[in-house]
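J.: Here it is, the structure, as structure tokens.
The values are calculated or read from the model by the stated rules, or taken from the named source; none is laboratory data. Quantities reported herein were computed from a predicted structural model and do not represent experimental measurements. With ideal geometry, Cβ positions are generated from the backbone for all residues, glycine too; neighbour counts draw on all protein chains shown. Each accessible area value is taken on the protein alone, full model and side chains, heavy atoms only, with ligands, DNA and RNA left out. Shrake-Rupley method; radii C 1.70, N 1.55, O 1.52, S 1.80 Å.
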Amino acid sequence: MQALSLAVHIPLVCFGIAFPALVLFVEWLGIRTGDPVYRTLARRWSRVMISLFAVGVVTGTILSFEFGLLWPAWMAKFGDVFGFAFALEGVSFFLEAIFIGIYVYGWNRFSPRVHLLTGIPIAITGLTGSLMVIAVNGWMNHPTGFSMQDGRVTNVHPFDALFANSYFWHEFVHMYLAGYMVVGFVVAGVYAWGKLRGRWGRYERIALAVPLTVAALAAPAQIVVGDWNGRAVAADQPIKLAALEGLQQTTAGAPEHLLGWYDGTGIRYGIAIPDLLSLLAHHSPHATVQGLDTVPPDDRPPVNWVRFSFQAMVFIGTGLAFLGMWYLWVRIFRRRLPETPWFYRALVAAAPLSLVALLAGWLTTEIGRQPWIVYRVMRTADAVTGAKGLPVGLATVTVVYLLLAGLVVWLLRRLARSPLERQPPSDSVSADVAG
């Protein structure tokens, strides 16, 4: 039930992180250039933004109840540590809701610059809300900021726990870039589909170029951050790293295996690249990498789940990076958008693949930490509820999510089919309206 809720909610979090910034950027271009096309696009995107936010309200509310209902022992024991972060996340959510309302219903009611300013808190609160949740997840991977005495949590320092753990910064940057990649490729994929069906005016070209440029810049940067993330895993969670690669025995000069699967003793039918795992994990081809055999089987995560999720994330992310660099090369050196239909077909495919990579990354992080909900402090089996009737709850939330999915599709299709409401140039808003 928790996995389903997170799988539904996390893509909406990406739109909360990145989409407001794109909307504001396009509106700023309209103010700077006086071009009404930018203003038209920003207003249309703002309707998508509020629709997705409304759905996120429902999924986020369900998640908040699930934390207490499904993980009572975890919440009761460590609530003093991370409760502060959830409180700040709630404040961010309420402020975001207030300013989204002001922004969406403020078109042509404020001067263009004042209207732009009302959107800035949306981008800030979308960032801070997700930041708090990422801080809690970083703490779960590297718990700090508290002491244990007779099985009880004491000497709690919430700021140290949330922001001084070694996982916070690289998880935050990794998720932030992922948000821009997902939003960029999904939005660009929608307009690429329109291009293939013959809808290709100046409005559509701008609507594709803006998010695609952002995604194309974020994708190569994500590779660098991924290396940072991997080295942190090697230092603090070596068994997760061993599971990612299916490394059974502690090895100096450990090889990297592409493809293949783990059979309980090692990787079968994988393509081995000598010394590469040691080089990636420790920046030395001769470094020693800890194997799965150093811990009992009960302390190991399900290797193939972690491994397949990780490789899916890496392969898709690398493909998206190459697609983005191709676009940037054409854009910079030929000063135009790519023309080949294959590029736009690839963009259409990139939209769902970016979501797959996002969820694969989440699975890698969460399943790779198992059997611990708080790494080496509390096992997942000790944290989860023993209540009966959970299949009924799972069926209920499944129905709710299916209804929400149908509602989102209906809303977005209706918006896509509605005629463009051409906005006047930003400098044509009258002083009476601006006041």
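J.: Given the residues PHE78, PHE94, which is the only one that is open to solvent by 50 Å² or more (accessible area, probe 1.4 Å), at pLDDT 90 or above, more than 20 Å from ALA3 (Cβ to Cβ) and in a helix (DSSP H, G or I)?
T.: Matching residue, one of PHE78, PHE94: PHE94.
J.: Cβ-Cβ below 8 Å, separation at least six or inter-chain, first residue in region 352-373 and open to solvent by 30 Å² or more (accessible area, probe 1.4 Å), second assigned to a strand (DSSP E or B) and of a type outside the set (S, T, N, Q): which pairs?
T.: TRP372/MET378; TRP372/ARG379
J.: Please go through region 386-398 and give me each residue that is under 12 Å from MET1 (Cα atoms) and surrounded by 10 or more Cβ atoms within 10 Å (Cβ to Cβ), ordered by number.
T.: Answer for region 386-398, where residues must be under 12 Å from MET1 (Cα atoms) and surrounded by 10 or more Cβ atoms within 10 Å (Cβ to Cβ): LEU390, GLY393, LEU394, ALA395, THR396, VAL397, THR398.
J.: Follow-up. Out of the residues in region 299-317 that are open to solvent by 50 Å² or more (accessible area, probe 1.4 Å) and of a type outside the set (A, V, I, L, M), which is farthest from GLN248 (Cα to Cα)?
T.: Per the stated criteria, the residue is PHE315.
J.: Tell me which residues, restricted to region 230-281, are touching a helix residue (DSSP H, G or I) at 6+ places or on another chain (Cβ under 9 Å) and polar (S, T, N, Q).
T.: GLN237, GLN248, GLN249, THR250, THR251
J.: Which one of the conditions (1) in a helix (DSSP H, G or I); (2) touching a helix residue (DSSP H, G or I) at 6+ places or on another chain (Cβ under 9 Å) does PRO301 fail to meet, given that it meets all the rest?
T.: Condition (1) is where PRO301 drops out.
J.: Still on this structure, I have one more. Can you tell me which residues in region 32-42 are part of a helix (DSSP H, G or I), surrounded by fewer than 20 Cβ atoms within 10 Å (Cβ to Cβ) and of a type outside the set (Ser, Thr, Tyr)?
T.: Scanning region 32-42 gives ARG32, PRO36.
J.: Being in contact (Cβ under 8 Å) with a residue 40 or more places away in the chain and either of a type in the set (D, E, K, R) or under 27 Å from PHE25 (Cα atoms) (or both) is the requirement here; does ALA209 meet it?
T.: Here the answer is yes, as ALA209 does meet what is asked.
J.: GLU89 - would you say it is touching a residue at least 40 places away in the same chain (Cβ under 8 Å), assigned to a helix (DSSP H, G or I), open to solvent by 30 Å² or more (accessible area, probe 1.4 Å) and of a type in the set (Asp, Glu)?
T.: Judged against the criteria, GLU89 is a match.
J.: For region 43-61, give me the residue count where each residue is in contact (Cβ under 8 Å) with a residue 12 or more places away in the chain, more than 26 Å from PRO419 (Cα to Cα) and either buried (at least 21 other Cβ atoms within 10 Å of the Cβ) or not aliphatic (A, V, I, L, M) (or both).
T.: 3
J.: Scan (1) assigned to a helix (DSSP H, G or I); (2) open to solvent by less than 10 Å² (accessible area, probe 1.4 Å); (3) of a type in the set (Phe, Trp, Tyr) for the single condition PHE99 breaks and write down its number.
T.: (2)
J.: Counting residues that are under 15 Å from PHE15 (Cα atoms) and either open to solvent by 10 Å² or more (accessible area, probe 1.4 Å) or small (Gly, Ala, Ser) (or both), which helices (runs of 4 or more DSSP H) fully inside region 162-249 reach at least 2?
T.: 168-196, 202-236
J.: For the condition modelled with pLDDT under 95 and among the hydrophobic types (A, V, I, L, M, F, W, C), what is the one hit in ALA219, ALA215, ALA188?
T.: Unique residue meeting the criteria: ALA219.
J.: Consider only pairs whose beta carbons are under 6 Å apart and that are at least six residues apart or on different chains; among these, list those whose first residue lies in region 194-205 and is more than 18 Å from ALA346 (Cβ to Cβ) and whose second residue is surrounded by 14 or more Cβ atoms within 10 Å (Cβ to Cβ).
T.: TYR203/VAL37
J.: Quick one: SER147 ticks every box in (1) hydroxyl-bearing (Ser, Thr, Tyr); (2) in contact with a strand residue (DSSP E or B) (Cβ under 9 Å, 6 or more places away or on another chain); (3) open to solvent by less than 30 Å² (accessible area, probe 1.4 Å) except a single one, so which number is it?
T.: Result: SER147 fails condition (3) only.
J.: Can you name the residue in region 118-139 that is hydrophobic (A, V, I, L, M, F, W, C) and closer than 23 Å to SER51 by Cβ and is also most open to solvent (accessible area, probe 1.4 Å) among such residues?
T.: ILE124
J.: Further, regarding this structure: Being under 25 Å from the mean Cα position of the chain (by Cα), closer than 26 Å to ILE239 by Cα and small (Gly, Ala, Ser) narrows it down to one of GLY68, GLY138, GLY79, so name that one. Show your work before the answer.
T.: Values: GLY68 fails: closer than 26 Å to ILE239 by Cα; GLY79 fails: closer than 26 Å to ILE239 by Cα.
After ruling out the rest, the residue left standing is GLY138.
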